[in-house]
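Asks: Starting off with a structure, shown below.
The values are calculated or read from the model by the stated rules, or taken from the named source; none is laboratory data. For clarity, every value in this text was computed on a predicted model and none was experimentally measured. Here the Cβ positions follow ideal geometry from the backbone for every residue, glycine too, while neighbour counts run over all protein chains shown. These area figures cover heavy atoms from the full protein model, side chains too; ligands, DNA and RNA do not enter into them. Shrake-Rupley method; radii C 1.70, N 1.55, O 1.52, S 1.80 Å.
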Amino acid sequence: MTKLLGLSLLLAGVAADYAFVEVNLPNGESIKTYALYGTFATSNSTSVNKVAVAKPFNGCKSMSGLKNAIAVMGRGDCAFTTKCYNAERAGAVACVVVNNASEIYEMGSAPNTNTLVIPAVMVGSDDGGKIVQAVAKYGPNRVKGRLIRFERPLFDASIAVLVLMAVGTVAGGAYWSAAKEREGGSRYSRIDAEQAEEEDEEPAVLNEYFAWGFIVVASLGLVILFYFIDYLIYVLVFIFCLAGAQGLFLSLSSLARAVLPQQCTRASYPLPQLGEITWLNTAVTIISVGLAVLWGVYRKASFAWILQDILGIAFLLTLQKTVQLPNAKVAGILLVLAFLYDIFWVFLSPFFFQQSVMVKVATGGSSGEAMPMLLKMPRLTDPTPGDSLLGLGDIAIPGLYISYLLRFDYETDDHWVFFDSCSKDRSRRTGTVIGFFSVAMIG
């Protein structure tokens, strides 16, 4: 969210000023949170001062006990400028407004207001609540804090890493998806031949009715999640564990069959009621289920993003292998509908639901959980806390299209045939044009 906030401010031509609010506690611990300066206040750093909670907490009336203190107050009931002017008149050296949600944004000024002398910032409800609790526990004279102004880079290196991960996933999935066509279209390669003996499954081929139905069902599901996300988020976590474990099993077992000798991949042992079980499948099952369970248990740990990315990438690879698009027309319809789906549920849904449906679902509402269906990586060059994110859907749908293109090239053995939009087959020509237009517009 903060990455999207910074991008939107940049595109709007707004020069946002950023700060860290650092609060030191008597027990040696510290609270360090990311904040945004208000447009009506100076954006200066401060020296170390005591931290005091405003009384009343909303800061809408005259206050006392804030001399030479960093005043902490809650959002609501009056304008931001009113709160901060009251704090300034009470002798505060800075004003920290705690939002009523975990997100933060740049506070605007009310009409006909002057610039404050003291700096004013907004912090999220989670970290702001911790500061308020610390002051209540230790008292304002024992809790010290300061504002540290900094400049955010326009680009973080973690974004480049996520892009490389996505491109590599799509390329690997497309190569795996085209295994049969790469062998001439008449036989499976060894990597798939052995697996076909056990699974005997053909890829699911999607049609244009599925493309329309998928968007309708996805929209209905999103609305249900919007109203019940605090409860259903745990269902999504469970589904992600199952899908990630299955994807990791199929990916690792196929990779092992491709690189290991047959005597290793075919070695087996008997199991009552189940028959012969290969040692390879046993080992891969333990690894896949183990990683999924490990992520499920420690999903909020600092290292959990590594496990989440492994499970997410494995799921995407398996999706490209087991699901196929039949032609460019279906791909184009799916891409365009997905594009419009994102625009509506992210940017237009606040006009109908009072807030962004996609944002609330992605952030897990008030459950304290986050949507797991994405790749994530801690920011590398941006000093603000948090992660760079990339949704699995933003990789999956283009990945299916790239897989189709590669299979088409292998089947025709002529990379230029697909680009012939002058085909005598009118339906094929129309589908090709729709597909290329969609990729060009959506990327």
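Asks: Give K32/K67; K329/K376; K55/K144 a once-over and call out the pairs whose C-alpha atoms are over 21 Å from each other.
Replies: Over 21 Å apart, Cα to Cα: K32/K67; K329/K376.
Asks: Taking only protein heavy atoms and a 1.4 Å probe, what accessible area per residue, in Å², does segment 305-391 have with all protein chains in place? Provide the component values of the computation, followed by the final result.
Replies: Details: 3650 Å² over 87 residues.
Result: 42 Å² of accessible area for each residue.
Asks: With Cβ to Cβ distances under 14 Å as the rule, what net charge do the other residues near V237 carry (K, R +1; D, E -1)?
Replies: Numbers: positive: R299, K300; negative: D230, E369.
Around V237, the charge tally is 0.
Asks: Additional query: Can you give me the solvent accessible area of E22 with a 1.4 Å probe, rounded to the nearest 10 Å²?
Replies: Its heavy atoms expose roughly 30 Å² to the probe.
Asks: Determine the principal axes of the Cα atoms in segment 294-424, then give the extent along each, sorted from largest to smallest and rounded to whole angstroms.
Replies: 56, 39, 29
Asks: Tally up the carbon and sulfur contribution to the accessible surface of segment 257-313 as a whole percent, 1.4 Å probe, everything protein left in place.
Replies: On the way: 2440 of 3450 Å².
Summing carbon and sulfur atoms, their accessible area is 71 percent of the total for segment 257-313.
Asks: Let me ask something else. Apply the Karplus curve 6.51 cos²θ - 1.76 cosθ + 1.60, θ = phi - 60°, to the phi angles in segment 83-97 and return the couplings in whole Hz, x for Gly and Pro.
Replies: Values, residue by residue: 4, 6, 5, 5, 5, 5, 5, 7, x, 5, 9, 6, 10, 10, 9 Hz.
Asks: Follow-up question, since we're still on this one. Roughly how many percent of the accessible protein surface of segment 40-169 is carbon and sulfur, given a 1.4 Å probe and a whole-percent answer?
Replies: Using a 1.4 Å probe with all protein chains present, segment 40-169 comes out at 53 percent carbon and sulfur.
Asks: With every protein chain left in place, what is the accessible area per residue of segment 42-172 in square angstrom, probe 1.4 Å?
Replies: Result: 48 Å² per residue.
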